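Enquirer: The structure is given below, and queries will be raised subsequently.
Where a number appears in this text, it was derived from the coordinates with a stated rule and is not lab data. None of these values were measured; they are calculated from a predicted model. Neighbour counts run over all protein chains shown; Cβ positions are idealised from the backbone, glycine included.
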Amino acid sequence: METKLETKELLVGALVTVFVFGAYFLGALHGQRASIKWREFFATLTKPLTRRGFLWATAFPAGLCVLFYLFVLHARLSLGQWPRFGQQLDGWVFGFYDQTVRLVGWALVSSLYFVPLILIGCLFFRRWRHVSVYAAAYGAAVGVAFGAIFLAPQPFLNWFLD
């Protein structure tokens, strides 16, 4: 099975990236500004970081986890058992969960193409150096979110990944 990232999915990833990191570039989540001395580059990289900034960076990946596990819970409670391999689930709620989880998942994966550019690019601009730390936190949060998805019960994962 060949997986090819299409332009549409890459565009969605770019939009998610702009939404997540736009607040940092506009200064909405800034703490103190980084020092202008080159010798203190790494020492001052973490000074402007805020808890609110980390919450913003991890909100989408955490939202994917919450949405996915709501889907798992809904499937288990409404069916009374785990869905079987190849089983079609009827109802608009199942369709909504399925499509939304898949769309948000693809958006997060697509946004990861831009995270290294932001992470490295922001290191060159004193005003935005702290955004690199948030970009790393975002990338790690996406990894943790997908790792958490694979902790779902095996019968559900067999059905979902079918």
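Enquirer: Could you tell me whether the stretch 114-162 comes out rounded, prolate or oblate from its Cα gyration tensor? Rule is a ≥ b ≥ c as square roots of the eigenvalues, rounded for a/c under 1.5, then prolate if a/b exceeds b/c, otherwise oblate.
Expert: prolate
Enquirer: Another question, then. Taking the Cα centre of the stretch 46-117 as origin, work out the dipole magnitude from +1 charges on Lys and Arg Cβ and -1 charges on Asp and Glu Cβ, in debye rounded to 20.
Expert: Dipole about the Cα centre, nearest 20: 360 debye.
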